[in-house]
1. For region 292-334: of the residues being in a loop (DSSP other than H, G, I, E, B) and small (Gly, Ala, Ser), which is farthest from GLU267 (Cα to Cα)?
2. Taking the conditions exactly as written (open to solvent by less than 10 Å² (accessible area, probe 1.4 Å) and either in a helix (DSSP H, G or I) or over 30 Å from VAL138 (Cβ atoms) (or both)), does GLN180 satisfy them or not?
3. Residues of region 306-330 being closer than 25 Å to ARG31 by Cα, small (Gly, Ala, Ser) and either exposed (fewer than 15 other Cβ atoms within 10 Å of the Cβ) or modelled with pLDDT under 95 (or both), which ones?
4. Please note which helices (runs of 4 or more DSSP H) are completely contained in region 66-161 and include at least 2 residues that are surrounded by 22 or more Cβ atoms within 10 Å (Cβ to Cβ).
5. Looking at ARG57, ARG47, which one is within 21 Å of the chain's Cα centre (by Cα) and more than 29 Å from ASP127 (Cα to Cα)?
6. Among the candidates GLY298, GLY333, GLY303, GLY339, single out the residue that is over 16 Å from PHE45 (Cβ atoms), open to solvent by less than 10 Å² (accessible area, probe 1.4 Å) and of a type outside the set (Val, Ile, Thr).
7. Could you give every pair whose Cβ atoms fall below 6 Å, whose first residue belongs to region 52-79 and is farther than 23 Å from ALA349 by Cα, and whose second residue is among the basic types (Lys, Arg), counting only separations of at least 6 or pairs across chains?
8. Can you tell me which of GLY281, GLY341 is touching a Pro at 6+ places or on another chain (Cβ under 7 Å) and within 20 Å of ALA90 (Cβ to Cβ)?
Amino acid sequence: MSETSGAGAAPAAALPADHPIHRLGDSLYMRAARCRRTEQVPVWFQRQAGRSLPEYRALRGSGSILDAIADPATAAEITLQPVRRYGVDAAVLFSDIVVPAAAVGFGVDVVPGVGPVAGNPLRSRNDLDRLPELDAEVHTPYVLDTVRLLAAELDVPLVGFAGAPFTVASYLVEGAPSRQHLRTKSLMYADTALWHDLMERLASIAVASMRSQVLAGASAVQLFDSWAGTLSPADYAEFVAPHSKRVFDELADLGVPRAHFGVGTGELLDQMAEVGADVVGVDWRVPLEAARGRVGPGVALQGNLDPALCVAGWDAVRPAADRILAAGTQEPGYIFNLGHGVLPETDPAVLERLTDYVHAYRRPLPKQPDIQPD
């Protein structure tokens, strides 16, 4: 992908004249996402909205995360908190990847300490009726109200997101987070027709959700395929890639950067770029040099500090950050981030210091050969 194609092109007419992308299109994050050179390395942190911040815990209290997400004023404030504290170059919407499935009535909740739980998991074709088409204005108006509040407040791009079909399917089929994804894979292999129909439903929901977020004011989107790393490259190509490609294809006309991220996806990075991503997130297991070789030119990279290092403290973070910055800045199109989400145990002061450190980083000039006198 060239600098003038895909997300590098001017936003399509689908975005209104007052959309934030028109004033933020030259921001650090947007330029890096479009593989343009930047004077500083942009930085944001996955799951920066909440998790480790004491002001987040004080605001949210002990209620369900879905309740907080359904309150636009609360969700907007939680989204803004890390931008104020850290000075990061992008905000990420405070929401959850199962919000659309919950909103259309499938029956899924986010249980503290557990994660997404479906009390009545998908077991047959009849269960597809519990996944109707998402009408964002009807099913998730609170998400759009949150985005609109943020669009009026932020001076950095807002990253909207959705769960990728495979990862959302894994929660709906397993009924809860899973290490082995046995029920998910069994459905995939044993009833291929139902599997692809399920993926089609979830792809439609992801498109509708992210498209509505962009039209409401998000300047970029990220598709989270958190558990795609449990698949072989062949299975990913057959059972997942076509549906993820459809999601990216149906967002292309909006002209916003489209990022793709998964955990343990080192062997899938090339395919994750090929489905249409403008930015590919890299977890901490894969050196950025190797990721660049797998993803290829014209696609931005994002990552990939191990979140555990931030818990270990600054003395552990700094040398790792140096290595990552040196590798990431070899070519235009690099966004510093973690290799997964901020851990709740993280000291916010470490992320504050890390943000300043990334912003102050300048790639060393190449060494020049000594010039011998005549």
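The values are calculated or read from the model by the stated rules, or taken from the named source; none is laboratory data. Everything numeric here is computed off the predicted structure, so don't read it as measured data. Counting neighbours? That spans all protein chains shown, and the Cβs are built from the backbone with ideal geometry, glycine included. Calculation scope for accessible area: heavy atoms of the full protein, side chains included, ligands and nucleic acids excluded. Shrake-Rupley method; radii C 1.70, N 1.55, O 1.52, S 1.80 Å.
1. GLY313
2. So GLN180 does not fit the description; no.
3. Residue satisfying the conditions is ALA326 alone.
4. 72-86, 99-103, 141-153
5. Unique residue meeting the criteria: ARG47.
6. On the way: GLY298 fails: open to solvent by less than 10 Å² (accessible area, probe 1.4 Å); GLY303 fails: over 16 Å from PHE45 (Cβ atoms); GLY339 fails: over 16 Å from PHE45 (Cβ atoms).
None of the other options fit; the residue is GLY333.
7. Short answer, once both residue conditions are applied: ALA68/ARG60.
8. Working: GLY281 fails: touching a Pro at 6+ places or on another chain (Cβ under 7 Å).
Only one candidate passes the filter, namely GLY341.
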